[in-house]
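These notes concern the structure reproduced below.
The values are calculated or read from the model by the stated rules, or taken from the named source; none is laboratory data. Keep in mind that this is a model prediction, so the values were computed, not measured. In this analysis, Cβ positions are derived from the backbone assuming ideal geometry, glycine residues included, and neighbour counts consider all displayed protein chains.
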Amino acid sequence: MILRVAAINHAAFEWIHHEHVARDAGLTTEQLYVIRDTSFLPSPGNAILSPLQSAALAFAHHSTSTVKVPPEVTLSLADALRSSIASGSNDTESLAQDLLVESAAVVASYNMVSRFLVSLDVAAMSDFPPPWPATKSTFKVPLSVDPANGVLEDGHFLYAETHVTDPDAPWIVCANSLLTTTDMWEWALEKMLAPQPHGAKEVETLGTEGMLPDGLFLGKYKTFNVLLHDQRGHGKSSFPSNTKPDGLQCTIPILASDIAYLISTLILPSSSSVRSTIDSEPKVHAVIGVSQGGAAALAFTAMYPLLTKSVVSCDTGPRTPEGNKAAWTERIELVKANGGGEDGMRKLAAITVPRWFPAPSRCSTEMYLPGQILSPPSSPEVSSIYGRRPRSEALQAQIVTTSLDGFIVGASALQDYDLLAGTGMNRSLLDVTSPADPKVLLIAGSLDGGGKVSNGMGKLRDAWNAKRIPAGGGSVKLEVIEGAGHLPMVDETEKWWDIVGKWLAGI
């Protein structure tokens, strides 16, 4: 009942803090999905909710949406409560009435709570809806130093988490930017787990046969599962001997191999190797990466084309830009000069976050004060001007808590890479041209690097298409998100997913 109130009133904070309580009480992801979907009420005889749960859901729905509850709904809840009381009770009717009053009080009280939370934008969550439920599992996967040859390093691991809506749903696998953790996907995750629009083939099926295609969650929804991970030396992942002078240096292809290794371990556990023969239809619908993760996603396209249908690469480039090796060395020295711990990483965060979110990004620390809320603009061209500074502050905290060793591990991958040359990979990125290769979408924030990033990605698109289109591989798409910085899934989540979600639905 509390969760239905939260869903109707768009009280994300209320939903998040009660979903785990509901799971502890025994509710499943399927049941939570029905509770979250405010567009319908399941019939009393449905196979997903018990008669008492269905009656309670209907009461909460009507009380919240129209205040006045139809008499038959109230009577249905009273009957269900009466039936739930253990036989032999001395005063079944009195106890049922007490429970009915308590039910009404719970719904009324949490309507008050949700209105309080949303009206004051508690935790800056009032501008996005409650998340759609998924079963979250966490893993510590032994860290692979050389996945191609099965070499592991004792005592080290990659932290990964899966968010499963349905075991048979296709997968989205995400790769983070340098200096961030799985939490950077916090705002985009609820978009990826939400019911998705039907693709062109499914719409055609619906139109001609008048029935839902097979394989939809609960027979109604098309959903994705999501795999997230912390890259080496970041978040909850450890780091191997990369930081030793004689150790294996971290590279973009190694990070791409980490993605493939996690897929083979957590999504395709029956395969003995990521190079094993797999189904012609990959279970991974898309590999999505941003910045360093975007470069790793591009490398993945060339190295493991059979593992995914598509790749989305955001705000990155196919090679180390001129002068960037020295720039990364300077940043490492900046951290060392300020103690090498959190104080040093705080100095790094102070110059990194403004570069990620330059004004007028909604996450800009230059434009918005903490907690600032401004009036909606009169110009129809601007969709919203609510500041999202709490998001950039959350990312700043991720930078500060990254260890110096972890930063060095990640930075070393960005200091010297060239995916066009094909060094250390099966082939150059520009040779990924066959119709069997993954479809590719490039995305850039318009504010990233003052437009230099989108210009660079445009050149990659043109050079790639010059070879892909004649070979029948299909065109590489580039979308530029206006008002977005280096991490568009953070400051312009809705615009980012509107592009990515629609593109994925067509695959």
If the Cβ limit is 6 Å and pairs must be 6+ apart or interchain, which residue in the stretch 351-364 that is of a type in the set (Phe, Trp, Tyr) pairs with which residue that is part of a helix (DSSP H, G or I)?
-> 357/392; 357/491
Which one is surrounded by the most Cβ atoms within 10 Å (Cβ to Cβ) among residues in the stretch 313-338 that are among the basic types (Lys, Arg) and over 28 Å from residue 464 (Cα atoms)?
-> 331
Of the residues 94, 43, which single one is out of contact with any strand residue (DSSP E or B) (no Cβ under 6 Å at 6 or more places or on another chain) and either surrounded by 13 or more Cβ atoms within 10 Å (Cβ to Cβ) or more than 30 Å from residue 164 (Cβ to Cβ) (or both)?
-> 94
Would you check if residue 49 is without any contact (Cβ under 8 Å) to a residue 40 or more places away in the chain and more than 30 Å from residue 225 (Cβ to Cβ)?
-> no
Residue by residue through the stretch 116-141, note down the ones that are surrounded by fewer than 14 Cβ atoms within 10 Å (Cβ to Cβ) and over 20 Å from residue 226 (Cβ atoms).
-> 116, 119, 120, 123
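Inspect the stretch 450-465 for any residue being modelled with pLDDT of 95 or more, under 23 Å from residue 189 (Cβ atoms) and of a type outside the set (Gly, Ala, Ser) and give the result as yes or no. Step through it out loud before you land on a result.
Of the residues in the stretch 450-465, the ones modelled with pLDDT of 95 or more are 450-465.
If we keep only those that are under 23 Å from residue 189 (Cβ atoms) as well, we get none.
No, the stretch 450-465 has no match at all.
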For residue 473, are the conditions met, namely being under 19 Å from residue 419 (Cβ atoms) and outside any helix (DSSP H, G or I)?
-> yes
Qualifying positions in the stretch 421-449 - touching a residue at least 60 places away in the same chain (Cβ under 8 Å) and either closer than 23 Å to residue 494 by Cα or in contact with a strand residue (DSSP E or B) (Cβ under 6 Å, 6 or more places away or on another chain) (or both) = 438, 439, 440, 441, 442, 443, 444, 445, 447, 448
Helices (runs of 4 or more DSSP H) (entirely within the stretch 17-104) containing at least 1 residues that are closer than 23 Å to residue 223 by Cβ and either not assigned by TED's automatic domain parsing to the domain that holds residue 220 or not charged (D, E, K, R) (or both) = 29-36, 51-65
Any chance the stretch 441-451 includes a residue that's more than 20 Å from residue 292 (Cβ to Cβ), more than 23 Å from the chain's Cα centre (by Cα) and assigned to a loop (DSSP other than H, G, I, E, B)?
-> no
Take residue 57 and decide whether it is crowded, with 18+ Cβ neighbours inside 10 Å, hydrophobic (A, V, I, L, M, F, W, C), touching a residue at least 40 places away in the same chain (Cβ under 8 Å) and under 18 Å from residue 99 (Cβ atoms).
-> yes
Within the stretch 414-427, is there a residue that is part of a helix (DSSP H, G or I) and closer than 23 Å to residue 188 by Cβ?
-> yes
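Return a yes/no flag: does the stretch 82-92 have any residue that is under 34 Å from the mean Cα position of the chain (by Cα), of a type in the set (D, E, K, R) and over 19 Å from residue 2 (Cβ atoms).
No, that holds for no residue.
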Does at least one position in the stretch 339-351 carry a residue that is buried (at least 22 other Cβ atoms within 10 Å of the Cβ) and in contact with a Gly (Cβ under 9 Å, 6 or more places away or on another chain)?
-> no
Under 7 Å between Cβ atoms, at least 6 apart or on separate chains: pull out the pairs that start in the stretch 2-26 with a residue that is within 14 Å of residue 38 (Cβ to Cβ) and end on any residue that is among the charged types (D, E, K, R) and surrounded by fewer than 18 Cβ atoms within 10 Å (Cβ to Cβ).
-> 9/115
Test for residue 5: is it assigned to a helix (DSSP H, G or I) and surrounded by fewer than 17 Cβ atoms within 10 Å (Cβ to Cβ) = no
